[in-house]
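Okay, so here's the structure we're looking at.
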2 protein chains.
Amino acid sequence: MTVEPPVIRPVGHVRSPLIERGHAPKQGDEGAPEAWLVFEPGMRRALADLEVDADVIVLTWFDRARRDVLAVHPRGDVSRPETGVFSTRSPDRPNPVGLHRVTIVSVDGTDVRVRNLEALDGTPIVDVKPVLGGVAEH
Amino acid sequence: MTVEPPVIRPVGHVRSPLIERGHAPKQGDEGAPEAWLVFEPGMRRALADLEVDADVIVLTWFDRARRDVLAVHPRGDVSRPETGVFSTRSPDRPNPVGLHRVTIVSVDGTDVRVRNLEALDGTPIVDVKPVLGGVAEH
């Protein structure tokens, strides 16, 4: 098997009223708006079993983040000590993959409306995964 | 700002007794062994605040996965109907990013030992993130 280079091929993008990074909440459960996940037409089969009211994990690529940042003041609060980015959810990190737990509001073809997504408009979507509970739920 | 292409630069790799895909458990809480997260030397500051006994989320790149698979039989059970990969945790998916909740056992420089990691030996590490609880915990 040939190992491919680890290049993300976006499966869609976020359509959101959040345009500027300064206006986005730090986390989706802190007042993030509803948003659309606009998938590529070729992804129809991959998303066909997404269900309204389900919670899912969306992975995004923070395309406006800095990749050379290794430590930050948590939540941008300079009164807090600098913390290694692997202990924070800062979008600035070596591989700026965003992890978002959202609730599906509606599905319209390849457009999926979700609640509690703090990603900015235009952010590429990397993946969607089900939330797992214990072994019994797998 | 220049938008970089979305290329993963691994921050380390997994060192595990799991060598072959057929031997790996489907999920980390189904009998996965302890493993090492072996980080690149340049990542020392990013991981400096990881703490023993903490649960963290590790993102990996399933470098032996297929990226052209859009639907699978869940857990490889052909008696179950084919399901879109965005509703499964199959490693075969358009962007094969693995999501693993693990517990940190020890930290030795840039080597971090964890419990419950089902990724194969050599798997590139993409990111580490803290587990978030409610707003109060952020």
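Rule-based calculations on the coordinates, nothing more; no lab input. No experiment lies behind these values; they were computed from the predicted model shown. Quick reminder, even Gly has a Cβ in these numbers, built from the backbone with ideal geometry, and neighbours come from all protein chains shown.
One table, with the values for the structure above:
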| item | result |
| --- | --- |
| Calculated label separations, B:VAL78, copies of the chain, 7 Å along the beta-carbon direction, nm | 6.4 |
| Proximal charge balance of A:ASP49 [Cβ under 14 Å; K/R count +1, D/E count -1] | +3 |
| Selection of trypsin sites (Lys or Arg not before Pro), region B:1-108, meeting DSSP coil and at most 11 other Cβ within 10 Å | none |
| Among A:ASP108, A:ASP55, A:ASP121, residue whose mean-square fluctuation peaks in a GNM of chain A (springs only between Cα atoms under 10 Å) | A:ASP108 |
| Sequence-separation-based contact order of region B:12-130, relative, with Cα cut under 8 Å and 6+ spacing, percent | 43 |
| Surrounding net charge for A:ASN116, when Lys and Arg each add one and Asp and Glu each subtract one, Cβ distance under 11 Å | -3 |
| Largest to smallest principal axis extent of the C-alpha atoms in region A:37-82, angstrom | 46, 24, 13 |
| Spin-label pair A:ARG15/A:GLU40, simplified geometry with 7 Å Cα→Cβ offset, distance in nm | 1.8 |
| Inverse mean reciprocal Cα-Cα distance (Kirkwood Rh) of the protein assembly as shown, Å | 19.1 |
| Nearby lysines by direct alpha-carbon distance to B:LYS26 (threshold 30 angstrom, same-chain neighbours under 8 apart not counted) | A:LYS129, B:LYS129 |
| Coil-residue GluC sites (Glu not before Pro) of region B:43-138, DSSP, other Cβ within 10 Å capped at 15 | B:GLU51, B:GLU82 |
| Nm distances between copies for B:ASP29, ranked from closest, using label points 7 Å along Cα→Cβ | 1.7 |
| Hydrodynamic radius by Kirkwood, which averages 1/r over all alpha carbon pairs of region A:1-118, in angstrom | 15.8 |
| Axis-proximal residue, chain A, for the rotation superposing A on B (Cβ, Å) | A:VAL7, 3 |
| Cβ-based net charge around A:ASN95, under 10 Å, with every Lys or Arg adding one and every Asp or Glu removing one | +2 |
| Mean-position separation - Cα centroids, region A:6-72 and region B:1-73, in angstrom | 20 |
